[in-house]
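To start, the structure under review is shown below, and the notes come after it.
The values are calculated or read from the model by the stated rules, or taken from the named source; none is laboratory data. Computed from a prediction, not measured in an experiment: that's the story for all the values here. Reconstructed Cβ throughout: ideal geometry from the backbone, glycine too, with neighbour counts over all protein chains shown. Surface accessibility is based on the protein's heavy atoms, side chains included, excluding ligands, DNA and RNA. Shrake-Rupley method; radii C 1.70, N 1.55, O 1.52, S 1.80 Å.
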Amino acid sequence: MSALPRIVCASANPDKVAEIEFILRDVVDLLPRPAEVPDVIEDADTLEGNARLKAAAICDATGLPAVADDTGLEVLALDGAPGVFSARWAGEGCSYADNRDKLLRELAGHPDRRALFRTCVLVRWPDGRELAVDGVCSGTITEAERGGRGFGYDAVFVPDDGDGRSFAEMTDAEKHAISHRGRAFSNLLAALSAQG
Ligand code: IMP
């Protein structure tokens, strides 16, 4: 049996790391991000650009392949906002709850509540090769928060491919089976195995 590919996880967000570890268990030997590497400033104007900044910093620091993901919530009625600005949408240093409150306020009384989570996953190898894939999950924004699980915008997002529950009302496995991140990483695994 061949050894699992060793890849360093470039994400510094513990909520995302937990999800990535869960999704990649048994298929990748995922090494933790070295604590001494400073966080990169995610100032690219695309998800792929931010994923590249994070993966390249960890790949350069460790000399090992690194994987990073960057995610945005795109709300149709807000012309795709918050998108690449999803993390700090309510202001520098804001909490997940601040972002959800802002979203519910901006959409208050709005009939069109369609939205899309988009994740870009990028692997960078020490020789400079890269592989980038996307995963998308469409859904609607709730009128009020629902559920206590998950993180970020999970409590205000109901995926189209689910049974009407928000992501924050689902188990981890239920979320990953249909989520943007679950889809992006399964696209990544397919692309990696096609490379041989
Ligand atoms: P990041 O830049 O990829 O860390 O993600 C930007 C922001 O999107 C995060 O701070 C969260 O608020 C939100 N986010 C990312 N992934 C998810 C998810 O799976 N569910 C809900 N919110 C998420």
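Side notes on the structure shown:
- Rg/Rh ratio calculated on Cα atoms of region 6-195 (Kirkwood radius): 0.97
- Rounded FRET efficiency, nearest 0.05, which uses the C-beta distance separating Asp15 from Ile41 and R0 of 30 Å: 0.90
- Part-to-part distance (alpha-carbon centres) for region 123-141 and region 81-112, which is given in Å: 23 Å
- Å² of accessible area per residue within the chain, as computed with a 1.4 Å probe and no ligands counted: 49 Å²
- Residues within the reach of a label modelled at Asp134 (point 7 angstrom out along Cα to beta-carbon, backbone nitrogen below 17 Å), restricted to region 41-74, are 45-52, 69-74.
- The residues neighbouring Thr62, those whose beta-carbon lies less than 13 Å from its own, together hold a net charge of +2 under the Lys/Arg +1, Asp/Glu -1 convention.
- Inter-site label distance for Asp26 and Cys94 at 7 Å from Cα along Cβ, in nm: 3.9 nm
- Taking the 1.4 Å solvent-accessible surface of the chain as the whole, the part contributed by carbon and sulfur is 52%.
- Leading residue at positive end of dipole, the chain (Cβ point charges), from Gly182, Ile141, Cys120: Gly182
- Cut-off under 5 Å, modelled amide H: who pairs with Val8 long-range: Leu31, Ala66, Val67
- Packing, as the average of other Cβ atoms within 10 Å across residues, places the peptides 71-79, 89-97, 136-144 in the order 71-79, 136-144, 89-97, highest first.
- Relative contact order computed over region 41-196 (Cα-Cα under 8 Å; 6+ residues apart), in percent: 19 percent
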